[in-house]
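The values are calculated or read from the model by the stated rules, or taken from the named source; none is laboratory data. Worth saying up front: this structure is predicted, and the values here are computed from it rather than measured. In this analysis, Cβ positions are derived from the backbone assuming ideal geometry, glycine residues included, and neighbour counts consider all displayed protein chains. We work out accessible area using only protein heavy atoms, side chains counted, and drop any ligands, DNA or RNA first. Shrake-Rupley method; radii C 1.70, N 1.55, O 1.52, S 1.80 Å.
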Amino acid sequence: VKLTKSQIETLAKDSVVNTMYYSPKTEVKNDMDVSIPLINAKYHRDTNGYTGQGVRIGMVESAIPDKSIASLRNSNIVTNPVTLETLEQIYTDIGQHNYFAYHVCHASAVCEIMVSTLYGDYRGIVPQAELYAASIKGVSGGFVGAVEWLIGKNVVVINMSASLSDNTDGQYGLYDRWVDHIAHNHSVHLSNLPVIAEELSGLRAYHIMLLP
């Protein structure tokens, strides 16, 4: 369906319409040629031999990766008990179906950066690591449940690029205390590593941003 600007504005004012938003088409794009050299991970992987072999790592996102794409097809990835079909239905039920593809793309891109096996000329930072990917949607307990599932898999580090919207900036809240608790009692390091998404020729490109 194609609508003009005035038609969209009229529709947005209709009392039966709750929310309207623009969601551009999103597709998985291999950007490891940008992200990996940016943090010098290729040197540590290829020269120092840090390939992740024997290491279990975790990640928490709003969806699980699509393990069928070429760059992840041969990677060692385990997802928590939720399927892409279930997640798509969940996003549809809450009126955010257009965001489903974005979140899957994002989760897949993060996985590529970490554990993609040889794909073209590029590999992930630790291509031989065992990655456990947990979605905060479709599982009991949300974010806490996803992290506890990862702890049960004996991961040593958990990556998350999402923020906790119900936490309070500048305060030591419940989530802060809980994260400190699991880090101390389970020897798990939880890393909040922001990923910048930017439009590039109609595609969504992902690059790691390093913090001081």
(request) Scan the stretch 142-163 and give yes if some residue there is open to solvent by less than 40 Å² (accessible area, probe 1.4 Å), within 13 Å of Pro65 (Cα to Cα), in contact with a strand residue (DSSP E or B) (Cβ under 9 Å, 6 or more places away or on another chain) and not hydroxyl-bearing (Ser, Thr, Tyr), otherwise no. (result) no
(message) Can you find a residue that is closer than 19 Å to Val155 by Cα, buried (at least 19 other Cβ atoms within 10 Å of the Cβ) and modelled with pLDDT of 90 or more anywhere in the stretch 48-56?
(response) yes
(message) Which condition from (1) touching a Lys or Arg at 6+ places or on another chain (Cβ under 9 Å); (2) open to solvent by less than 70 Å² (accessible area, probe 1.4 Å) is the one that Lys42 breaks?
(response) (2)
(message) Being over 23 Å from Gly145 (Cβ atoms), of a type in the set (Val, Ile, Thr) and open to solvent by less than 60 Å² (accessible area, probe 1.4 Å): is that true of Thr117 here?
(response) yes
(request) Tell me which residues, restricted to the stretch 85-98, are surrounded by fewer than 19 Cβ atoms within 10 Å (Cβ to Cβ) and either under 17 Å from the mean Cα position of the chain (by Cα) or free of Cβ contacts under 8 Å to residues at least 60 places away in the same chain (or both). (result) Glu85, Thr86, Glu88, Gln89, Ile90, Thr92, Asp93, Ile94, Gln96, His97, Asn98
(request) Please work out which one of (1) touching a helix residue (DSSP H, G or I) at 6+ places or on another chain (Cβ under 8 Å); (2) open to solvent by 10 Å² or more (accessible area, probe 1.4 Å) is the condition Met59 fails and give its number. (result) (2)
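Please tell me if Ala101 is open to solvent by less than 80 Å² (accessible area, probe 1.4 Å), over 30 Å from Val17 (Cβ atoms) and either modelled with pLDDT of 85 or more or in contact with a Cys (Cβ under 6 Å, 6 or more places away or on another chain) (or both).
no
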(request) Look at the stretch 74-106 and say how many of its residues are β-branched (Val, Ile, Thr) and under 12 Å from Ser135 (Cβ atoms). (result) 6
